[in-house]
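**Q** If you scroll down you'll find the structure; I have some questions about it.
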Amino acid sequence: MEHTDIGELWQGLLKGEEALFLQLYKVWYPGLLTYGLRITEDRELVKDAINQTFLYFWQKRAVLTGVEQPAAYMYTAFRRRLITAANNSNGKIFLPGDLVEEGLDSIEESHETVLIHHVNVANIQRIIDRAIGQLSGRKQELIRMKYYEGLSYRQIANKTKLTERTIYNKIHEAIKTLRANLAADGHSGDMIATIQLLLLL
Amino acid sequence: MQSHITVAYLVTDESFVASCLQQDPKAVIYWQQKVAANPDLQPVIAEATQLIAAMYHHGLNKEIAAGQQTLLRMMQETASPLPAITTHRRLSIWQRVAAAVILALCTGAAFFWFTSPREIQYTTVHAGTRQLKNITLPDQSTVWMNAGCTLRYATDFTAHRTIILEEGEAFFEVIHQAEKPFTVQTSNGMRIEDLGTAFSVKSYQALEEESVGVVSGKVAIHSTAEKPTILNAGEGIVANRQTGRLQVGRYATNAADWVKGHIVLNDVSFRELQLVLQNVYDVQIVFDTPSLENCRITTAFYKTNQVSEILDDLKIVYSIAYTKKENVIHLTGNPCQQ
């Protein structure tokens, strides 16, 4: 998790500093996405609502100076926008309770407790990024759907029209390539194994 | 060593991936138990977990970078004129209560840009929970601020008689000066220009509607691309922030009696009732029936009433139920279906 001072970034937005505003976007994005996907499973709709919400902040920054709790305000504005958009698109909506009901902490917590955000990957991220970048476009897409979106093989098959077996094989090949890249860079299995095992916490 | 469980096996295993991404609680428990029973699996599991985490972060970072590009493009596109909002006017149909009603108004997602006085220095005033604040502006006009209201006014007020109502409800009694317009802007971009007046403006960020009611004199309401709408005493306007729908109607001047501690809610959402009760009584209202928040309600009470008295009244009229525990009140029921 990136620990950045939200207050500072929020001030950056109020002053119209684009770089700080984009940083704010980066810091808040994972939490908003997680929260949004609890409201609707339409990922594109959630992404669009995130952008629309931030665009609104940017346009209205001159009048946002009275906002005392930026995070609470942001979730409320986002939720309202997303629900309206989801209603308009007839998407399936699961309505989690309102902020008032649920409390901001529980929302942020639900995102913070996602284990994956706490696994330390700093030492291998650069290698993985580069190695993924060298895979074929198809394999990159499959990796994204499987490990970022977390789709099952069957869901990926429905989306790509490939068979589950083909998908499995392609991902298997891709993983082999990634691990070969890690090994070439000195990250053997033994070294990685010394890393704290978060799954056991 | 259980040789059949390798890193490659784990990383491609549906259940293990779902466990790492915490999509499936059963999978999480399964793998926790598995590793507890087989401690020698730890290194393999650690490596697989880290590999999955790195792939997850790769996807997340790429998506964020793409989102930032999209956002930047949208910011550039809308730096110039914003999309026009269709505004239409019709006589209020949703006012079910005779006594008083509001009228409506518009949203101008955009026109704030044309009027935004960004170089002007402002003084900010806030009325806290349970507070009712009366301030006198440098031009001797007065403002009553209801609990939870925040507004800003130009520090050099004699030159710019501009008020920005950021949140909440405020009542203005304006010393009219023809050559120096007195205007109130809401956070949503609605602009109210005084033409010799006492008027009330309500604009809660959490609510879909904002409204203006005129008690005496008249005001001009400015919105996008429309010529100003003139409201006289006893008239009001309600704007829906999202649809841009504008409704004009009558305004019961006693709705502005909140300055004297008499609160009148005419055909407002439960969401607004929630806000008002939170501001006035410092209680937290929770809708156990989520659909309740958009149901509409009409009621009136004095601040000297107990919150339980108000709710007891509503219980009968709207067939709702409530429980109160210290400062938290839970509401259930569905009056929309009546």
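**Q** Please list, in order along region A:40-57, the HN-Hα scalar couplings obtained from phi with the Karplus expression 6.51 cos²θ - 1.76 cosθ + 1.60 (θ = phi - 60°), rounded to whole Hz, x for Gly and Pro.
**A** Residue by residue, region A:40-57 yields 9, 8, 6, 4, 5, 5, 5, 4, 5, 5, 4, 5, 4, 5, 5, 4, 4, 4 Hz.
**Q** Order the following by accessible area, largest value first: A:Ser152, B:Ser203, B:Ser319. Probe radius 1.4 Å; ligands, DNA and RNA are ignored.
**A** B:Ser319, A:Ser152, B:Ser203
**Q** Name the long-range amide H neighbours of B:Cys149: under 5 Å, sequence gap of 5 or more, or other chain; modelled H, no Pro or chain starts.
**A** B:Ala127, B:Glu169
**Q** Give the separation of the Cα centroids, region B:289-320 to region B:1-43, in Å.
**A** 53 Å
**Q** For the residue pair B:Arg130 and B:His176, what label-to-label distance in nm results when each label sits 7 Å from Cα along the Cα-to-beta-carbon direction?
**A** Label-label distance for B:Arg130 and B:His176, simple model: 4.0 nm.
**Q** When Cβ neighbours within 10 Å are restricted to other protein chains, what is their mean count per residue of peptide B:66-72?
**A** 6
**Q** Sticking with this structure for a sec: Leaving ligands, DNA and RNA out of it, work out the accessible area of B:Glu173 with a 1.4 Å probe and give it in Å² to the nearest 10.
**A** For B:Glu173, solvent-accessible area is about 80 Å².
**Q** How many percent of the alpha carbon pairs in region A:1-90 exceed a separation of 23 Å?
**A** Result: 21 percent of Cα pairs exceed 23 Å.
**Q** Per residue of region B:267-277, what does 6.51 cos²θ - 1.76 cosθ + 1.60 with θ = phi - 60° give for ³J(HN,Hα)? Whole Hz please, x for Gly and Pro, Karplus curve as stated.
**A** With the stated coefficients, region B:267-277 comes to 6, 10, 7, 4, 4, 6, 4, 4, 4, 5, 5 Hz.
**Q** Under a plain spin-label model, where a point goes 7 Å from the Cα along Cα-to-Cβ, how far apart in nm are B:Asn294 and B:Lys315?
**A** 2.8 nm
**Q** Within 10 Å of each Cβ in A:47-59, how many Cβ atoms from other chains are there, averaged over the peptide?
**A** Mean inter-chain Cβ contacts per residue within 10 Å come to 4.
**Q** Also: If you project the alpha carbons of region B:244-330 onto their three principal axes, what span does each projection cover, largest first, in Å?
**A** The Cα atoms of region B:244-330 stretch 39, 30, 22 Å along their principal axes.
**Q** Mind checking the mean number of beta-carbon atoms from other chains within 10 Å of the Cβ atoms in B:6-13?
**A** Neighbouring Cβ atoms belonging to other protein chains average 4 per residue here.
The values are calculated or read from the model by the stated rules, or taken from the named source; none is laboratory data. The structure presented is a predicted model; accordingly, all values stated were derived computationally and were not measured. Positions of Cβ are generated from backbone atoms using ideal geometry, with glycine treated the same way; all protein chains shown enter the neighbour counts. SASA here: full protein model, heavy atoms, side chains in, ligands and nucleic acids out. Shrake-Rupley method; radii C 1.70, N 1.55, O 1.52, S 1.80 Å.
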